[in-house]
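The values are calculated or read from the model by the stated rules, or taken from the named source; none is laboratory data. Small disclaimer: the values here were computed from a predicted structure and weren't measured. Just the protein is used for accessible areas: all its heavy atoms, side chains included, with ligands, DNA and RNA removed. Shrake-Rupley method; radii C 1.70, N 1.55, O 1.52, S 1.80 Å.
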Amino acid sequence: MSTCALLTDLTTDSPLNVNFSPERCVRRRLNRSECAACVNVCPSEALSLIDNQVCHDLRQCTSCMMCTALCPNDAFVVNGYHLETRIQTLAPEEDLYVSCSRETQIHPDELVVPCVGVLSMAHLLALCLKPAGKIVFNVSACESCENKAAADHLESQVNLLKENHPDIIEAELIALKTATEPISALVFENRRSFLMEMKNSLVSAVESQLPTFQHNPTDNESRNRRVPIKVKLVKNLLKQLDQKKKDFVSSLCLYEIRVTDKCSVCPLCKGICPAGAIKIEKIDKEKTLVIDNTLCSGCGLCVTFCKNDALRLQHPEGIDIKKADGNC
């Protein structure tokens, strides 16, 4: 990992908050939507439904980032932090260390995230399918953290990969629960204080060398059609894998929209889909729904909006996050 990459991690290590963009919420797109992924997973009860709309209470939010991992349409993001870009720029190394900004640094080249709750199954697969000797998730301080539920879920997802798919995940996955002596000479007792002190002098230089990490407040994609970031991550990942690994990733990350014989090929589902996963094409002179499951985010709007009850949404086996009460 380059020095600039390390500095980028460090400069984003100051406290980062979850930002809610209501206009991206699928409930705003369709009031009848039953999507409640963020509300169901929030361990601090900072998210609630009022008049069938999602409300974000910043006073209760602990920035566990679990909503960002679950939201199907990027309504929750961490401004100034671009994890997907960071993962894609990681060089295949022998070992990889991952920890949140509240942990003591245990390796000079570790990947620092605002909280481990930000890591979705798509992120884990993008990390685990890179050649590596071992991947260490440092959760040693999570037991006493207010966001312990996020670490519990990360551990369950890591165990899912480690126990059920050892033939495909070649890297050794380790959830580090016991604190070890930091091996970096840069580590201070209070890491947050160190980062805040260094940020002002480093951030300008780092941002100038890594423009892809800068936050662009202007969303150039149409509000009516935009492919969610995690969907893009999976789609790009599938292009790099052999067929066996493609099938594996698909089983854990891809939603499947099934069309029954009740379908009248009306354009409602096509119009409501925020990612453009549904098209209508003529095949043998007949109109037919054509669905690209690699673009489906699992928001379920097409199923809810269909007037003929002709669509079914099949969830991948990797999506099983329940109400975060410490026993995810």
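Could you give me the percent of Cα pairs per 5 Å distance bin for the range 134-179, shortest bin first, beginning at zero and ending with the bin that holds the maximum distance? Pairs per bin, as whole percents: 5, 22, 29, 22, 13, 7, 2, 0. Applying 0.36 nm per residue to the separation of ARG312 and LYS162 and subtracting their alpha-carbon distance, the gain on full extension is 51.0 nm. On a per residue basis, the range 81-183 carries 39 Å² of accessible surface, using protein heavy atoms and a 1.4 Å probe.
The separation of the range 116-161 from the range 232-276, counted between C-alpha centres, amounts to 25 Å.
Length gained on full extension, GLU94 to LYS287, computed as 0.36 nm times the residue gap minus the Cα-Cα distance: 64.4 nm. Our estimate of slack between GLU256 and ASN236, defined as 0.36 nm per intervening residue step minus the Cα-Cα distance, is 5.4 nm.
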